[in-house]
Structure formats: C-alpha cells, structure tokens
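See structure below.
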Amino acid sequence: ARPGDELGRLTTTINDLLARLEASFARREEALARQRRFAADASHELRTPLTSIAGYARMLKSWGLENREAGREGVEAILEESERMRVLVEDLLVVARGDEGGMPLEPAPNDLGALAAEAVGAARAAAGGKVVVQYVPPKEPVGAVFDGARIRRAADILLDNAVKYTPEGGVVTVGVAREGGLLRLRVSDTGAGIPKEDLPRVFERFYRADPARSEGGTGLGLSIARQIARAHGGEVEAASRPGKGSTFVLSLPENGPG
Ligand code: ADP
C-alpha cells in the first residue's frame, strides 16, 4: 500500500473515533442534565413541607405554649407535614433507584383480583363517601407471578388519583382481566379527565397537569406506577375524554417478570 492510502485510512479511523467520543460525551451531558434537574426538582419539593414545618415550630415557640388551642393545631400541622415529607422522601428514593437501572422485585404467585379488591376497600374508606368506588370481579381468577407489594402500591396510586381527581358524586370502577397473555388492572373514573396534550406527560416526574387541582400531590405517583409496571415487563397507559373521565390500565405479562 502507498503511504497516502495508509494516511487516508488513519484519518478516517481517527475521525470515526472522534465522532464516537463526541456522541458519548453528549449522552453523558444529557444524563448529567437529567440528574441535575431531578436534584433541583426534588429539593424544591422538599422545601415546601420543610418551610411549613419551620413556620409552625416558630409559631409554637413564640405563643403556642401559652395558647393550648394554637399549640395543638401547630403540633398537628407539623405531624401532617412530616408525614407528607416521609412519603415524598420514600417516593424520591424509589425514583432515584429506578434511575440506576432496576427495581428489586420479590416475585411470588399472586391473585390480581384479590389485590384489586383490597385496594378498592382501602380507597373506599379513604374516599369517605365522596365518590363511589366499585370493584367488578372477574369471571375467572386472574393470577400470575408478580411482586404483590409493588403492584399493590401501583394500584393504590391509580386509585388515589381516580378518587382525588373525581368530583363529589362521581364513580370509580376497578376491574381485572386476562387478555392475550397479559393481566390487566383497569381503573376508570368519571372525573374531569385529562386534556389530550397533557396525556403523555402525566407519567413524567413531578408533572401535574393542573397544579390548582393537584393539591398535596407530588407529581411522582404515576411515574412510580409506570416504573413498577415496567420493572415487571409491563406497562401503565392512560386514556381520557376531557369532561367525561379517565381510564388507567396497568398490564403485566402473565408469565411473570422474566
Ligand atoms: P399527583 O401527585 O399530582 O397526583 P401523579 O404523577 O400521580 O401526581 O399524577 C400527575 C398528574 O396527572 C396529576 O397532577 C393530575 O393532573 C393528572 N392525573 C392523574 N390521574 C388523574 C385522573 N384519574 N384524572 C385526572 N387527572 C389525573
């Protein structure tokens, strides 16, 4: 080979290498930016309950000890806000761990129908009559191998939302089914629904379609529910007709998480 050819090949190889390095740096930049955004969002979310805890503590310090009524109110508020913060920190941990690739699962044979019935019972108690929460049992048992505690958490998130975003007098309906190799848990509500443009975004972390309505929410629920489903090789999907209601469907492979 002539020296010119050698040089040409070498130049191509080096250019190729540089292009690959550049792409890899861009990917790292992106991951870093995502991490930075997550840290910023998380701090922001933690600051809210912390500020209110400090506020109530200051109130207690200056006059809550003399005034019993104000004292009790302050302590109650501090307990409530710390509980909110505990839930938030736990959610953040789940989300952060998921980022590192992988959520540890404890798969075991479970009945999705029994799980749904329990989740409905809890949601009904929490709803306190504001909305009707009904469970439609399947004709045949719907069972498979999955992490029962995690899937229960995902079901609770979908049910909490359905109750939270459905006005008084509405109906939340839960059903389970086996469809084409998948187990499905369906949560429908007669609530306000979700605008079409918001639908794909509700699964993003910290995303709240309507901050005014999302009182007390962290915006993490649906991203966690989806993370749990995906860890199982499943999915959570949403459909909605604004003004009519929304349906969230969690699907799981019937052959287990694999
Ligand atoms: P949040 O803590 O705000 O409920 P989620 O991640 O669970 O966080 O939900 C994200 C957003 O999606 C909510 O703020 C709300 O705007 C919207 N959303 C979720 N579920 C429903 C539902 N069943 N009906 C209407 N909007 C919903």
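Every number in this text was worked out from the coordinates using simple rules, so none of it is lab data. Bear in mind the structure is a predicted one, so any value in this text is a computation, not a measurement. Note: ideal-geometry Cβ built from the backbone for every residue, glycine included; neighbour counts use all protein chains shown.
Within the straight-line cut-off of under 20 Å between alpha carbons, the aspartates and glutamates reachable from Lys139 are Asp111, Glu118, Glu179, Glu254, sequence neighbours fewer than 8 places apart in one chain being disregarded. Under 25 Å of direct C-alpha separation, and excluding same-chain neighbours fewer than eight residues apart, Lys196 reaches these lysines: Lys164, Lys244. From the Cα gyration tensor of the stretch 9-138, with a ≥ b ≥ c the square roots of its eigenvalues, which class applies: rounded if a/c is under 1.5, or else prolate if a/b is larger than b/c, or else oblate? Oblate. Within straight-line reach of Lys130, meaning a Cα separation under 16 Å, sit the following aspartates and glutamates at least 8 residues removed in sequence or on another chain: Asp160, Glu168, Asp189.
Between 0 and 90 degrees, the angle of helix 112-127 with respect to the longest Cα principal axis of the chain falls at about 50 degrees. For the peptides 4-13, 45-54, the ranking by packing is 45-54, 4-13, with the highest mean count of neighbouring Cβ atoms within 10 Å listed first.
Here r is the Cβ-Cβ distance between Gln134 and Arg241 and R0 is 22 Å; the resulting FRET efficiency, rounded to 0.05, is 0.70. Based on Cα atoms of the stretch 94-147, Rg over Rh with Rh as the Kirkwood radius reads 1.12. Taking the C-alpha atoms only, the angle from helix 3-59 to the longest principal axis of the chain is near 10 degrees.
Beta carbons within 10 angstrom, averaged per residue: use that to sort the peptides 224-235, 155-166, 14-25, 120-131, highest first.
Details: 224-235: 20.4, 155-166: 22.7, 14-25: 10.0, 120-131: 15.4.
Top to bottom by mean Cβ count within 10 Å: 155-166, 224-235, 120-131, 14-25.
With +1 on each Lys and Arg Cβ and -1 on each Asp and Glu Cβ, and nothing else charged, work out how big the dipole of the chain is about its Cα centre, in Debye to the nearest 20.
Here the size comes out at about 260 debye.
Decide, for the chain, between rounded, prolate and oblate: order the square roots of the alpha carbon gyration tensor eigenvalues as a ≥ b ≥ c, take rounded if a/c falls under 1.5, and otherwise choose prolate if a/b is larger than b/c, else oblate. Oblate is the answer for the chain, as a/c is 1.5 or above yet b/c matches or exceeds a/b. Pairs of alpha-carbon atoms within less than 8 angstrom and 6+ residues apart define the contacts here; what relative contact order does the chain have, in percent? This gives 16 percent for the chain.
Could you work out [θ]222 nm for the chain from helices alone, using -39500 (n - 2.57) per DSSP H run of at least four and dividing by all its residues? Round to the nearest 500 deg cm²/dmol. Intermediate results must be reported in sequence, preceding the final value.
On the way: 5 runs with 133 residues, N = 258.
Value at 222 nm, helices only, nearest 500: -18500 deg cm²/dmol.
In this label model, Asp198 and Ala117 are separated by 3.5 nm, measuring between points 7 Å along each Cα→Cβ vector.
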